[in-house]
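A short worksheet on the structure shown next.
The values are calculated or read from the model by the stated rules, or taken from the named source; none is laboratory data. Remember, it's a predicted structure, so these values are computed and weren't measured experimentally. A quick note on method: Cβ atoms are made from the backbone with ideal geometry, for glycine too, and the neighbour counts reach across all protein chains shown.
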Amino acid sequence: MGVLPGEEIWDDILKKYNKKPHGRDFKWGAITYRSPGGFYDALIYSPDAAWLLKKDTIYKTKPTVIGIEIKDFDFERSAPRIRIPRVPGMPQAVGKGFRRGAEIPYGFRNVDMKEVMEFTMEMKSEVEQGLKTPNQAVNAIMKKVMQSTLKATRRLPQQLSAIEPPILEGPYVVSGLESISKQQRELSAKLDADLRRMMHRRYPFYG
């Protein structure tokens, strides 16, 4: 497989992900870093497949993306781990998922916003009764959103067809070039050149 538009690469990734989002000895992972060419890379991998995606920016909702499948990806050597942090006020284990200190695999998970909405209504009532200031209520709601997001990461990744929005994708390990292989650096440089040519064709005055 050669260089493909982002939509086609994502179709391939999701097709394989939905077949097996997790397993006893089968975990997905993702790394992101900024390439020397100034673009943004996302390396998404499982024990039997890997893809390198190149984005022109991370500051727009719909960036220009191209990507390529990586052959002979060394999963054991190239797979950094994210572990569940200790968060005050949160239980050590949540549902059928992971305990604190366990690795968090990449994937898609549902965020329980019902709990957040109920808490938001409580905060609104307390503001109306003068028990909290608006700023205190907003801070409490933001903390609740963060707790709900962290709870989601403790659950096993699921097939996209099995969950409803809002959906959390990730986590991504933010890394540097020193963590990727020579093969991946060479592919990144190739995609840098390809994406730059594409951007020049679309926008003649692109820097």
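So the values come out like this:
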read-out	value
Residue selected from segment 150-173 under the condition of a type in the set (A, V, I, L, M) and surrounded by 12 or more Cβ atoms within 10 Å (Cβ to Cβ), by the criterion nearest to LYS15 (Cα to Cα)	LEU160
Matching residues, segment 93-128, being modelled with pLDDT of 70 or more, over 20 Å from the mean Cα position of the chain (by Cα) and within 10 Å of THR153 (Cα to Cα)	none
In segment 143-163, the residues that are assigned to a helix (DSSP H, G or I) and modelled with pLDDT of 90 or more	LEU160
Lone qualifier among GLU169, GLU178 - being at pLDDT below 85 and within 16 Å of THR32 (Cα to Cα)	GLU178
Filtered residues of segment 191-207 (kept if touching a residue at least 24 places away in the same chain (Cβ under 8 Å) and more than 12 Å from PHE39 (Cβ to Cβ))	ARG202
